[in-house]
Amino acid sequence: MASLPPARSAALDCLTACLIEGRDLQAALDTALTSSPLSDRDAGLVTELVYGYCRLKGRLDALLERFLDPGRKLPEEAALALGLAAHEIVHLDRVPAYASVNWAVDWAKGYTRAHLSGLFNAVLRRVSGIAEAARTVTPYKEGARDEAQVLSRYYSCPEWLVRMWMTTCSREDLARYLKAQARPPAVGLAVERAAFAGAGGEEAAEALVVKLAAHASCLGRSGLGLAFQPGTGLEALCTELALSELERHALYRQSFAAREALAALNPGEWTGPVWDACCGRGGKTRLILEAGAAPVLASDTHMGRLKALARELSPDLEAGRLLALRARADKPAPFSGPPATILLDAPCTGLGTLSRRPDIKWKRTEADVVALVRTQGQMLRQSYATLAEGGTLHYLTCTLTPEENQGQVDAFLAEHPAAKLLGTWTTPPDVPTGEFFYSASFVKGQA
């Protein structure tokens with residue numbers, strides 16, 4: 001096979017691992033970027049290509065169908081190469097169309113399973129001819145069965161999901177959700193207060209947040225967290241603001257929408273001990289500790305995630321504010337006494353975070369919703385059984401399916417009449433961050 005430009009080769013390796021072999025997009029990208037030496041510019045292009053392609057794959061598939069023989073199905077890896085080149089032509093203005101055609105045809109010439117170079121050349125030249133129109137909704141109306149299919153094609157969103165939102169959302173919110181999942185999310189940054197220990201502490205952390213919040217690209221602030229316009233580069237931001245090495249070291253990436261979702265639950269008022277029942281790598285565990293709740297018992301089933309949490313939050317472990325352990329949220333917890341507060345950040349379809357994790361919209365199905373609702377229900381029941389009487393259970397998801405959110409709450413309350421619902425919360429549909437969460441809080445009454 002002819003030698004491809006390094007960025008395209010790495011991007012195809014990443015997309016193959018993600019969309020054909022089923023790996024997580026970010027994990028596949030990390031592997032692709034470390035497998036071969038790339039310049040910073042090429043590494044940036046690879047990231048832009050793979051995330052952009054995954055966000056807009058549905059639109060590109062619909063566009064390419066206009067020029068392909070419906071009776072001739074392309075091999076998966078060939079469809080990826082053709083789609084990636086079409087993505088460059090339609091959505092990346094700075095890449096000349098001829099360059100995209102050339103590398104894709106070179107790829108096809110070296111592909112041994114079929115003779116595709118002539119097809120690639122013809123199809124991509126036709127795509128180039130309608131590139132401007134392909135960024136509008138007009139071409140996607142042709143031959144569509146109904147409005148749902150038009151929206152599915154143009155916004156690159158699975159049709160089953162579009163139809164669900166059409167029946168559960170207002171027209172305004174439907175448009176907001178579709179636009180959000182097809183665009184990059186806001187860049188979330190947070191300041192680590194502990195980084196300033198002995199160097200001004202809380203006042204120094206607050207001063208840095210104020211400095212960052214004053215930047216023109218800042219979209220909002222929540223405690224020590226901030227949201228910035230999509231595409232804001234951390235290094236460029238630090239350079240522009242002339243941040244010191246200590247200030248740079250204090251910054252870390254964190255979803256602003258996730259921070260706001262937890263803040264809506266008022267963790268500063270939680271009674272300990274707190275059980276973070278599905279802690280993952282500890283993103284929300286960190287926020288619970290930041291709010292002053294302690295001690296925190298953080299559990300997960302995956303040792304790799306727990307090790308990452310231990311690395312990030314080692315001072316809290318050493319100080320006794322945090323205990324990390326391997327445990328399942330749907331099984332009896334190995335605690336000597338019942339926790340007073342439980343955060344159940346339940347596994348879900350993740351359909352509220354498609355802007356950040358665009359690959360999952362091509363992997364999730366309606367059957368996944370049914371299976372996850374069952375799992376969530378088991379976790380809710382077991383968490384409630386573990387909770388101290390009078391304690392509070394916070395249920396949290398990052399999805400937009402009614403069955404996993406309000407439907408789950410209704411089923412739980414019907415099964416536990418002594419439980420009191422304190423309230424529910426949903427990320428407002430018009431937020432600029434592009435991610436959406438849901439939460440419900442219950443108090444455990446006497447059985």
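The values are calculated or read from the model by the stated rules, or taken from the named source; none is laboratory data. Because the structure is a prediction, the values reported are computed rather than measured. All Cβ positions, glycine included, derive from the backbone under ideal geometry; neighbour counts span all protein chains shown. Heads up: the accessible areas ignore ligands, DNA and RNA and are worked out on the full protein's heavy atoms, side chains in. Shrake-Rupley method; radii C 1.70, N 1.55, O 1.52, S 1.80 Å.
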Checklist line | The listed residue being assigned to a loop (DSSP other than H, G, I, E, B), on the phi < 0 side of the Ramachandran plot, free of Cβ contacts under 8 Å to residues at least 24 places away in the same chain and open to solvent by 30 Å² or more (accessible area, probe 1.4 Å), out of 93, 13 | finding: 93
Margin query: Can you pull out every residue in the range 48-79 that is hydrophobic (A, V, I, L, M, F, W, C) and either open to solvent by less than 30 Å² (accessible area, probe 1.4 Å) or assigned to a loop (DSSP other than H, G, I, E, B) (or both)?
Written below: 49, 50, 54, 56, 60, 62, 63, 64, 67, 68, 74, 78
Item checked: residue 361, sole failed condition from (1) in contact (Cβ under 8 Å) with a residue 60 or more places away in the chain; (2) open to solvent by less than 10 Å² (accessible area, probe 1.4 Å); (3) not in a helix (DSSP H, G or I) -> (3)
Next item on the list: Only residues that are under 11 Å from residue 181 (Cα atoms), surrounded by fewer than 24 Cβ atoms within 10 Å (Cβ to Cβ) and of a type outside the set (Ser, Thr, Tyr): list them for the range 340-358, please.
Entry: 356, 357
Notebook entry, point to check: Taking the stated definitions as given, is residue 4 assigned to a helix (DSSP H, G or I) and either touching a residue at least 24 places away in the same chain (Cβ under 8 Å) or surrounded by 14 or more Cβ atoms within 10 Å (Cβ to Cβ) (or both)?
Noted result: no
Notebook entry, point to check: Being hydroxyl-bearing (Ser, Thr, Tyr) and crowded, with 16+ Cβ neighbours inside 10 Å, is that true of even one residue in the range 204-224?
Noted result: yes
Notebook entry, point to check: Out of all the residues in the range 225-266, which are of a type in the set (S, T, N, Q) and open to solvent by less than 60 Å² (accessible area, probe 1.4 Å)?
Noted result: 232, 244, 254, 255
Notebook entry, point to check: If residue 22 satisfies every condition in (1) surrounded by fewer than 20 Cβ atoms within 10 Å (Cβ to Cβ); (2) assigned to a helix (DSSP H, G or I) but one, which is the exception?
Noted result: (2)
Notebook entry, point to check: Could you list, in sequence order, the residues of the range 96-115 that are assigned to a helix (DSSP H, G or I) and among the polar types (S, T, N, Q)?
Noted result: 100, 102
Note to self: Criterion first (without any contact (Cβ under 8 Å) to a residue 24 or more places away in the chain, outside any loop (DSSP other than H, G, I, E, B) and either out of contact with any Leu (no Cβ under 8 Å at 6 or more places or on another chain) or closer than 19 Å to residue 179 by Cα (or both)) does residue 368 satisfy it?
What the structure shows: yes
Next item on the list: Could you list, in sequence order, all residues of the range 15-31 that are within 19 Å of the chain's Cα centre (by Cα) and not acidic (Asp, Glu)?
Entry: 15, 17, 18, 19, 22, 23, 25, 26, 27, 28, 29, 31
Check: In the range 100-113, which residue that is touching a residue at least 40 places away in the same chain (Cβ under 8 Å) and either over 23 Å from residue 9 (Cβ atoms) or open to solvent by less than 50 Å² (accessible area, probe 1.4 Å) (or both) is farthest from the chain's Cα centre (by Cα)?
Finding: 110
Notebook entry, point to check: Which number in (1) of a type outside the set (S, T, N, Q); (2) on the phi > 0 side of the Ramachandran plot; (3) surrounded by 21 or more Cβ atoms within 10 Å (Cβ to Cβ) marks the one condition that residue 292 misses?
Noted result: (3)
